[in-house]
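This report concerns only the one structure given below.
The values are calculated or read from the model by the stated rules, or taken from the named source; none is laboratory data. Here the structure is a predicted model, which means the values were calculated and not measured. Methodologically, a virtual Cβ is constructed for each residue, glycine included, from the backbone with ideal geometry; neighbour enumeration extends over all protein chains shown.
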Amino acid sequence: MQREIFDQTHDDFRSSFRAFVAAEIVPHHERWESQGRIDKSMFRAAGDNGFLGMAVPPEYGGLGEPDFRYNAIISEELQRANVISSGMCITLHNDIVLPYLLSTTTDEQRARWLPGMVTGELMGAISMTEPGTGSDLASIATTALLDGDDYVINGSKTFVTNGINADLVIVAAKTDPTQRHRGLSLIVVETGTPGFERGRALRKIGLKSQDTAELFFDNARVPTANLLGEPGTGFATLMRNLAQERIALAVSAIAGSRAVLGWTIDYCRERKAFGQRLTSFQNTKFVLAELTTAAEVAQVYVDHLIRKHVAGELTAEDASKAKLWTTDLQQRVVNSCLQLHGGYGFMEEYPVAKAFLDARVQTIYAGTNEIMKEIIGRSIDTPVPAGN
């Protein structure tokens, strides 16, 4: 289908990143899946080739291109090559971590962190989830209590993407434990901080080359100069930036759905049963017709929201709708496509099997889809102002 949101500059960027994926990620992907994380040399190569921190101002080494369409292209190409888990270190760095360092940092903090975020010398992560909190960020128990010129952090985090490889981690912690939302702050913790330890690399059913970790803080002392924004503003900042994280997931979900559909259509055109190609059976045609239509409709909606995001008009409700719809659709697509592959769909050597496992978490992270429904439902329940 023809997509009108990209111009020639974006197309050139896509070609460059596609070549990078083919040369720097695909040949190593299986090894990284086995070892449970990527080699950081690939991440540094992504920086050398201009694929990190595109939105960073030129004075800090970036391109000064705060255009989310470049981020979308990276996600789409990783899904196209079926190496999303090896490339997630890039998407999380660009889509999720970097916005915090662009929107809430002081000049001193920008000079300290942004150049390394562009070159790949610094890989970022964000740690929100705790063993007992899940999506309930207001109930975070990790504390960061002021002691002179330091914050002393105590607590633990889990499900931290880039948790093993990250050089700096944005930690959500309570600087005022007597408060819920208003007591939450964001503090950058750097590798080598005394009292900061990484736990085990968590073993997952999918996304195996994406390192995911537990993090522990035992009287970890961090200078107050590492606080992002003002004390107590962390929750509002998280809510503001989660919209981009959710539209990024929608981009990835619809790209993954379309990639799996392409592989499955090719397979069904070649595979025969009872002397006929699978595409000659009515059931196969109907399943593929329904899924292809749904994917194209969803792509149009996501592209519409990408335009809104580039224009600064994306709302939390819009992003939640996109995340809910596309990730639910992705589950339906990968399940149906695996079924059409028959027994081969259960074999790891076929891309649909890996896509099936990698896609399962999409309805869970960045806020479960049940939370997305709650956010959307609240907007429906809000009274319309008089005169509208």
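Go over the candidates ARG180, ARG203 one by one and state the one that is touching a residue at least 60 places away in the same chain (Cβ under 8 Å) and charged (D, E, K, R).
Working: ARG180 fails: touching a residue at least 60 places away in the same chain (Cβ under 8 Å).
So the residue among ARG180, ARG203 that is touching a residue at least 60 places away in the same chain (Cβ under 8 Å) and charged (D, E, K, R) is ARG203.
Starting from residues that are among the charged types (D, E, K, R) and under 11 Å from ILE96 (Cβ atoms), keep the ones in segment 238-255 and report whichever is surrounded by the fewest Cβ atoms within 10 Å (Cβ to Cβ).
Here is the first cut: in segment 238-255, the ones among the charged types (D, E, K, R) are 240, 245-246.
When the remaining residues are screened for being under 11 Å from ILE96 (Cβ atoms), the result is 245-246.
Working: GLU245: 21, ARG246: 26.
The selected residue is GLU245.
Would you be able to tell me the number of residues in segment 1-33 that are in contact (Cβ under 8 Å) with a residue 60 or more places away in the chain and within 21 Å of MET123 (Cα to Cα)?
Here the count works out to 6.
So THR143 clears everything in (1) β-branched (Val, Ile, Thr); (2) assigned by TED's automatic domain parsing to the domain that holds VAL97; (3) surrounded by fewer than 20 Cβ atoms within 10 Å (Cβ to Cβ) except one condition, right? Which one?
That leaves (2) as the condition not met.
Quick check on this structure: which one of GLY206, GLY199 is under 14 Å from GLY163 (Cα atoms) and either in the same structural domain as PRO99 (by TED's automatic domain parsing) or not in a helix (DSSP H, G or I) (or both)? Break it down stepwise before answering.
Numbers: GLY206 fails: under 14 Å from GLY163 (Cα atoms).
Of GLY206, GLY199, the one residue that is under 14 Å from GLY163 (Cα atoms) and either in the same structural domain as PRO99 (by TED's automatic domain parsing) or not in a helix (DSSP H, G or I) (or both) is GLY199.
Rundown of residues vs (1) among the small types (Gly, Ala, Ser); (2) closer than 19 Å to ILE170 by Cα; (3) not assigned by TED's automatic domain parsing to the domain that holds VAL169, yes/no style:
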| residue | (1), (2), (3) |
| --- | --- |
| ALA23 | yes, no, yes |
| TRP32 | no, no, yes |
| GLY47 | yes, no, yes |
| GLU59 | no, no, yes |
| TYR70 | no, no, yes |
| ASP95 | no, yes, yes |
| TYR100 | no, yes, yes |
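Going by what's in this entry, would ASP303 be described as more than 24 Å from SER86 (Cα to Cα), of a type in the set (D, E, K, R) and either modelled with pLDDT of 95 or more or not assigned by TED's automatic domain parsing to the domain that holds TRP32 (or both)? Show your work before the answer.
Values: more than 24 Å from SER86 (Cα to Cα): yes; of a type in the set (D, E, K, R): yes; either modelled with pLDDT of 95 or more or not assigned by TED's automatic domain parsing to the domain that holds TRP32 (or both): yes.
Criteria met by ASP303.
Quick check on ILE164: is it more than 22 Å from the chain's Cα centre (by Cα) and either outside the structural domain of THR212 (by TED's automatic domain parsing) or hydrophobic (A, V, I, L, M, F, W, C) (or both)? Walk me through it before giving the result.
Values: more than 22 Å from the chain's Cα centre (by Cα): no; either outside the structural domain of THR212 (by TED's automatic domain parsing) or hydrophobic (A, V, I, L, M, F, W, C) (or both): yes.
The answer is no for ILE164.
Given the conditions (1) touching a helix residue (DSSP H, G or I) at 6+ places or on another chain (Cβ under 8 Å); (2) not in a loop (DSSP other than H, G, I, E, B), and given that ALA366 satisfies all but one, which numbered condition is not satisfied?
Here ALA366 meets the rest and fails (2).
Of everything in segment 138-186, what is farther than 13 Å from ARG198 by Cβ, among the β-branched types (Val, Ile, Thr) and assigned to a loop (DSSP other than H, G, I, E, B)? Give them in sequence order.
Matches in segment 138-186: ILE140, THR142, THR175, THR178.
Just to check your reading of the model, which residue among ALA111, ALA125 is aliphatic (A, V, I, L, M), touching a Ser or Thr at 6+ places or on another chain (Cβ under 7 Å) and touching a residue at least 12 places away in the same chain (Cβ under 8 Å)? Give the derivation first.
Values: ALA111 fails: touching a Ser or Thr at 6+ places or on another chain (Cβ under 7 Å).
Of the residues listed, the single one that is aliphatic (A, V, I, L, M), touching a Ser or Thr at 6+ places or on another chain (Cβ under 7 Å) and touching a residue at least 12 places away in the same chain (Cβ under 8 Å) is ALA125.
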